[in-house]
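The values are calculated or read from the model by the stated rules, or taken from the named source; none is laboratory data. Not measured: the values here are computed from a predicted model. Cβ placement follows ideal geometry from the backbone for every residue including glycine, while neighbour counts extend to all protein chains displayed.
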Amino acid sequence: MALWRVRATVDDRPGYLSVLTASLALKSVNILAVQVHTTEAGAVDDFLVDAPDTMSERDLLAAVERGRGRDAFVARAEAQGLADPPTRALALAGRLVHDPDGLGEALVGLLDATEVRWRPSAGSPGSPASPASGFTAGPPASGFTAGCMTLADPAGGVFEVSRRAPDFTPAEFARGQALIELSGALLRQADTQTTLLLPSGDELLIRVATPDDAEAVLRLHARCSAAARELRYPGGVPSDARLRQLLEPIGGLTLLALHTDPRSGEEHVIATATLLAEGDLGEAALLVEDAWQRRGLGTTLLRRLVTWAGRGGFAALVLHVTADNTAMLRTLRRLGSGAADRDGSMLTVTLPVPRADVHESPVTSI
């Protein structure tokens, strides 16, 4: 017996699929898997079959035609084709989790493509018609024809996928676009976290906070001394509900520094850095657990807030610091010169934010 892939279009009417399968059965063809793609031209039936060794491609095509199939495609299949499409799609998604940059290969595997190319869309950097030329483009065009598919890249540009046969279907287009969106989400996630290596040899994970981090952040506040909390919240520590809201501030973000205890394996939040949006200004604030202070962690977190603010179009960062908080004032001086206004014991420091598109490396040392 030999594995074949068979694809044909039949009228999308009751009983037509059974006519096709009966015609194949009369030739001792065993159907191992079937997918049905709905199209305007009819139902496209995609089979993986096991046929007698003596059966040729011409014999299979004849059987399909007798079963009222049209626009038939027949090709020898490999053993890996035995994996059903959902299983194959999940396996490719799993590979992207470990290698988000492997999107091209994943699209080839998902769509049985012969070639995948990325190109900039009109109006994106590097394209002939960019904003510098006075032309502003809309979203990149996407769609598919018989053997060519254009998939929009959320990060800009498009992927062009091609194969000789069979023709692409709407279901395959949707699968390809879903895989691209998954890859984009994974790349965005990777861009929001980094590993920080302290001079002491301790390794920390820096990432963006989510609502799931609420309990860990509340435990951080409980471990911090009253003096540390007072420096972070001169007006008093907010309620637990407000602390939860600060994990995802509107228009801003909160960064977390996490340390994994080498003895227990438990992960703890040891610092937070929050950026609140106030028009084109960002209000920044830090809280570092007492045992982790004066190790350069606060400086690193503030630098990442400055980088994020630059990408977000903020004009400046504003920090409210008590005049006796010498450690924070030293940190701010390291980041650059800024204006400072004093109101009693409180200083308001304004740091200009440079506009930049900076991508930090996955591992940072200080």
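Here are some notes:
- Residues that are within 35 Å of the chain's Cα centre (by Cα), under 18 Å from LEU347 (Cα atoms) and assigned to a loop (DSSP other than H, G, I, E, B), drawn from the range 214-243: TYR233
- Some residue of the range 7-17 being assigned to a loop (DSSP other than H, G, I, E, B), more than 19 Å from ARG175 (Cα to Cα) and polar (S, T, N, Q): no
- Within the set SER121, SER127, the sole residue that is modelled with pLDDT of 50 or more, assigned to a loop (DSSP other than H, G, I, E, B) and of a type in the set (Ser, Thr, Tyr) turns out to be SER121.
- Screening the range 244-283 for residues that are of a type in the set (D, E, K, R) and either over 21 Å from PRO211 (Cα atoms) or over 23 Å from the mean Cα position of the chain (by Cα) (or both) and picking the one that is surrounded by the fewest Cβ atoms within 10 Å (Cβ to Cβ) gives ARG263.
- Residue in the range 325-343 that is in a strand (DSSP E or B) and crowded, with 22+ Cβ neighbours inside 10 Å present: no
- All positions within the range 49-70 that are of a type in the set (A, V, I, L, M, F, W, C) and crowded, with 20+ Cβ neighbours inside 10 Å: VAL49, ALA51, LEU60, ALA63, VAL64
- Flag for GLY298 being touching a helix residue (DSSP H, G or I) at 6+ places or on another chain (Cβ under 9 Å), under 28 Å from GLY201 (Cα atoms) and not in a strand (DSSP E or B): yes
- The one condition from (1) among the polar types (S, T, N, Q); (2) closer than 30 Å to ALA91 by Cβ; (3) surrounded by 13 or more Cβ atoms within 10 Å (Cβ to Cβ) that THR210 does not meet is (3).
- Filter result for the condition that a residue is assigned to a strand (DSSP E or B), among the hydrophobic types (A, V, I, L, M, F, W, C) and more than 20 Å from LEU255 (Cα to Cα), over LEU317, LEU347, LEU351: LEU347
- Whether a residue is modelled with pLDDT of 90 or more, among the small types (Gly, Ala, Ser), in the same structural domain as THR274 (by TED's automatic domain parsing) and part of a helix (DSSP H, G or I) was assessed, and ALA178 does not pass this test.
- Selection of the range 293-302 for residues being crowded, with 19+ Cβ neighbours inside 10 Å and free of Cβ contacts under 8 Å to residues at least 60 places away in the same chain yields GLY298, LEU302.
- Residue in the range 187-194 that is in a loop (DSSP other than H, G, I, E, B), on the phi < 0 side of the Ramachandran plot and buried (at least 18 other Cβ atoms within 10 Å of the Cβ) present: no
- In the range 167-181, residue farthest from ALA43 (Cα to Cα) [restricted to those that are among the hydrophobic types (A, V, I, L, M, F, W, C) and out of contact with any Asp or Glu (no Cβ under 8 Å at 6 or more places or on another chain)]: LEU179
- Residue count, the range 322-343 (criterion: touching a strand residue (DSSP E or B) at 6+ places or on another chain (Cβ under 7 Å) and free of Cβ contacts under 8 Å to residues at least 60 places away in the same chain): 9
- Flag for ALA62 being of a type in the set (Gly, Ala, Ser) and at pLDDT below 90: no
- Close pairs from the range 42-55: first in contact (Cβ under 8 Å) with a residue 24 or more places away in the chain and farther than 17 Å from VAL19 by Cα, partner loosely packed, with under 15 Cβ neighbours inside 10 Å and of a type outside the set (A, V, I, L, M, F, W, C), Cβ under 6 Å, at least 6 apart: ASP50/ASN30; PRO52/SER28
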